[in-house]
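Here is the structure we will look at.
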Amino acid sequence: MNSRTPPAFQTLAFSSAPWACSAALAMAACSSAPADIALARAPETAQAAKLGASGKKPLTFEALFSLDKAKKVDFSGKQAPGATWIDAGHWIQLETNPDAKESPWLVVDALTGASKPYLDGKKFAAAVSTIPGVGEDKIESIAKRALTDTSRMDAKRESALVDVADDLWIVRFDAVAPVRLTSTPEVEEEEATFSPDGARVAFVAGNDLYVADAKLGGAKRLTTDGSDMVLNGKLDWLYQEEVFGRGTFRAFWWSPDSARLAFLRLDQSGVPIYTLVDDATYEVKVETSPYPRSGEGNPTVALRVADVDSAATTNIDLSAYAAEEPIVVEVAWSPDNRLVYQVQDREQRWLDLRVCTQDGSGDTRLLRETTPAWVDRTDTPRWLADGTFLWTSERSGWRHLYRYKDSELVGAVTSGEWEVRDVHGVDEKNGLVYFSGTERSPIGSDAYSIRLDGKALKRLTQRPGTHAASFNDDFSLFLDKWSDITTPTQRRLHRASDGSEVRVVDANPVPALAEYAFTPPELLQVKTRDGFTMEAMRILPPDYDASKRYPVMVFGYWGPHAQTVKNSWGGSGGMFQQLLAQRGVVVWSCDNRTSSGKGGVATWPCYLRLGESELADVEDGVRWLIDQGVADPERIGITGWSYGGFMTSYALTHSKTFALGIAGGSVTDWKNYDTIYTERFMRTPKNNKEGYEKTSVVAAADKLHGHLVLAHGAIDDNVHPGNTMQLVYALQKAGKPFELALYPKQRHGVTQPAQSNHWKSMQLAAIDRWLLAVKP
């Protein structure tokens, strides 16, 4: 236990009712909480006075997080709306003027910046008004929702899908009468999507897949067995969270000729049910949902193809993979209407790329990816006119681009000890591939071009930092979003041939950065015990004195392939960390090798032992700060959420380095987390019993060293609150002190503003007490 522990907290531990304080200030001693929270709003130490004398305003809690918009200061600027290229010389973006009535979209001339309304919003609203049951008070909101979501428009942007009383309609922009697709108000239509030719619309209702005629209306049912447990064309929680991407639930794909729909059928009947209770109000709500924890049953997956004219369905034969409990991780179509899909074994030790005809015949494995550890899902192949395709792979230990002709490797397009991050497209006329990668720096991103034969690599972006490029149709121009660690996001237009700047689209000036004190974060490199170079970020207090040692707060996530240290605005050293620095704390982030962004080869060491190599690297970073004379070894804190919460609680139970840990949304035993994520890195508990036991925070609760602050969303459906409850119970039985905050109605994060501010205040109070020795 830290020698600075106030006597009153040395023996505090929760009783048998840890939920008792959750509605207010859920700390170990609820009666003392208001004084603790008040610390966050107290004068910000002697640093504030010195900053004020310098002519800069000191940061305050109110300036950063006030619930009153008039008091909250903007430190990021007004971000320009996203842009979508519609041809070689124009893009569309949302209108930012709230009073604009002509259209919610503007079409922008790329070279001049001139803009005008895109689509006739008034005409569209007039068409919406003719739908039965649409009152005057609903017209504008229905029209705006349809017009601001391009995924609900056909490819030519001639019509859009609207929902009225849970029925689906198509409204055209040429004032033709709306077309009704469904007449089942008791059933919600989901994931509605136009076919490539705009003639049909596919959607899911009641977990069955339907197709409708976009001109005549009416809907045809393609599947009939949809239920709470059987999902046709729709992803379950597990697949959207861990495979296709959070928030992506659509599980059907149109063929290029608009004649067929490939779709996944997921049967969850063998998946255990998890229960969450929302009892924050008098009316208790109980949520139940299928959720497989490590080693438990996954949903059974089938891949099928439906003919939209006949409604006949073909099952793609996955029987050869049955013993491997397969996961279908990607589905797409080639330009010649062949089905292309990727399948992995349950533990994701390999990945197969397969192709077959529309009727499932000629099913062929084109290639199999393996590594010394696991294989990450990759992009769908990018097909070229000559029948070859581009494929990304980590086979070399770094994610690079390869060119294939069927199963034959034509050659590597990129290579080296850096990563390809995004492939933007191929200019086949000139034989060039455009992509973003980390050739210059692992903590940034640049846009590049390279020839298809792997020669003439050219970096197109010049400023160091993080670039996000969007290319026009003929690859003559690209729109670039750029920031670095001290500059909020700006946008510029560039020529793709050489990266030269055409014009500044949005300079995004932020006056507050000149008005308020802001300590530029330092980007550093630190060697581990075995010579690996870690990327780090440090913020020193504004009155830093090299003759003194300071308390340190370590921020991170530390999960595989998940960087914290980035040369981008907000990527490292956000304004909350600036506030800490002004209170006299050294802010430190240091990405361990497995989260470094330096290829699979750096990530694989965590295989089967999540937490072990990560903690060793984190401690190496802290040791460097101590050796530099910066850090007080008695006052080191660490904090993170989700995987970062796991690492924080793991550090406090497997190390004596840290005086304080602030852990949110933590996995406390990998047996508690979902199958696809956990088994990718840990295999199943049956196949890695020792690994699960040695990395369990719950099992090591009696070894807690330092003060631990825990937080969890009370209805977290991702990392269940049971993780924290299990740790709380183990700490109580071991007689260990800790603090706990439970956030009613919050899931995997604290997003409600008042509750978010409560959590930030709690963190500041803990840092004041345990690192700065400020007593209430």
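Size of the dipole of the range 444-484 about the Cα centre, Lys and Arg at +1 and Asp and Glu at -1 on the beta carbon, nothing else charged, in debye to 20? Walk me through the numbers before you get to the answer.
On the way: 6 positive and 6 negative charges, 40 e Å.
It works out to roughly 200 debye.
List the lysines whose Cα sits under 18 Å from the Cα of residue 455, skipping any in the same chain fewer than 8 residues away.
429
Please name which of 740, 622, 89 has its Cα lying farthest along the dipole of the chain towards the positive end, using unit charges on Cβ (Lys, Arg +1; Asp, Glu -1) and the Cα centre as origin.
The residue sitting most towards the positive pole is 622.
Report the Stokes-Einstein translational diffusion coefficient (µm² s⁻¹, integer) for the range 343-463, Rh taken as the Kirkwood radius over Cα pairs, at 20 °C with viscosity 1.002 mPa s.
Numbers: Rh = 15.4 Å.
Stokes-Einstein gives a translational diffusion coefficient of 139 µm²/s.
One-quarter of the Cα convex hull surface for the range 59-98, in nm²? Numbers along the way, then the final one.
On the way: hull surface 17.0 nm².
Across all orientations, the range 59-98 yields a mean hull projection of 4.2 nm².
Pull up the cross-link candidates among the aspartates and glutamates for residue 548, meaning alpha carbon to alpha carbon under 20 Å and not fewer than 8 places away within one chain.
Partners found: 44, 522, 627, 632, 634, 768.
Using a 1.4 angstrom probe, figure out how much accessible area the chain has per residue, in square angstrom, rounded to the nearest whole. Before the final figure, lay out the partial values.
Numbers: 31180 Å² over 776 residues.
Accessible area per residue, the chain: 40 Å².
Using Cα pairs under 8 angstrom and six or more residues apart, how large is the relative contact order of the chain, in percent?
Details: 1757 pairs, mean separation 91.5, N = 776.
Worked out over the chain, it gives 12 percent.
Farthest toward the dipole's positive end in the range 304-441, which of 367, 341, 424, given Cβ charges of +1 (Lys, Arg) and -1 (Asp, Glu) about the Cα centre?
It is 424.
Bin width 5 Å, alpha-carbon pairs only: give the P(r) of the range 559-687 as whole percents, running from 0 to the bin holding the largest distance.
The percentages, shortest bin first, are 2, 10, 18, 23, 22, 14, 7, 3, 1, 0.
For residue 520, what is the net charge nearby, where nearby means another residue's Cβ is under 12 Å from its Cβ and Lys, Arg count +1, Asp, Glu -1? Can you show the working numbers first?
Details: positive: 538; negative: 484, 522.
Value of the local net charge: -1.
How large, in percent, is the carbon and sulfur part of the accessible surface of the range 227-286 at a probe radius of 1.4 Å?
Details: 1300 of 2680 Å².
Reported share for carbon and sulfur atoms: 49 percent.
For every other residue with a beta carbon closer than 14 angstrom to the beta carbon of residue 300, add +1 if it is Lys or Arg and -1 if Asp or Glu, then tell me the sum. Please report the intermediate quantities before stating the final value.
Values: positive: 265, 304, 346; negative: 225, 236, 267, 296, 324, 325.
Overall, the nearby charge balance is -3.
Among the listed pairs 69/671; 78/138; 598/745; 72/527; 122/745; 71/123, which have their C-alpha atoms separated by more than 31 angstrom in this model?
Working: 69/671 43 Å; 78/138 29 Å; 598/745 38 Å; 72/527 40 Å; 122/745 39 Å; 71/123 40 Å.
Over 31 Å Cα-Cα: 69/671; 598/745; 72/527; 122/745; 71/123.
What does the extension gain come out to for residue 359 and residue 507, with contour length at 0.36 nm per residue minus their alpha carbon separation? Provide the component values of the computation, followed by the final result.
Working: separation 148, 0.36 × 148 = 53.28 nm, distance 5.26 nm.
Working it through step by step, the gained length comes to 48.0 nm.
Mind putting a number on the dipole of the chain about its Cα centre? Charges go on the C-beta only, +1 for Lys and Arg and -1 for Asp and Glu, and I need it in Debye to the nearest 20. The partial results should precede the final answer.
Numbers: 85 positive and 100 negative charges, 467 e Å.
It works out to roughly 2240 debye.
Using +1 on the beta carbon of Lys and Arg, -1 on that of Asp and Glu, and nothing else charged, what's the dipole of the range 243-357 about the Cα centre, debye to 20? List each step's numbers first, then the result.
Numbers: 11 positive and 17 negative charges, 39 e Å.
Charge dipole, the range 243-357, about its Cα centre: 180 debye, nearest 20.
Using the Karplus curve 6.51 cos²θ - 1.76 cosθ + 1.60 with θ = phi - 60°, what ³J(HN,Hα) values do you get for each residue of the range 510-516, in whole Hz, with x for Gly and Pro?
For the range 510-516, the Karplus curve yields 10, x, 4, 5, 8, 7, 9 Hz.
Suppose a student asked you for the relative contact order of the range 549-685, using Cα pairs under 8 Å spaced at least 6 residues apart; what percent would you report?
Working: 230 pairs, mean separation 36.8, N = 137.
Relative contact order comes out at 27 percent.
In percent, how large is the relative contact order of the range 419-479, given Cα pairs closer than 8 Å and 6 or more residues apart? If you can, show how the numbers build up before the last one.
Working: 112 pairs, mean separation 14.9, N = 61.
Averaging sequence separation for qualifying contacts and normalising by length gives 24 percent for the range 419-479.
The values are calculated or read from the model by the stated rules, or taken from the named source; none is laboratory data. Note that the structure is predicted; figures quoted are calculated from it, not measured. Cβ atoms come from the backbone with ideal geometry, glycine included; neighbour counts cover every protein chain shown. Note: accessible area is taken over every heavy atom of the protein model, side chains too, but ligands, DNA and RNA are not part of it. Shrake-Rupley method; radii C 1.70, N 1.55, O 1.52, S 1.80 Å.
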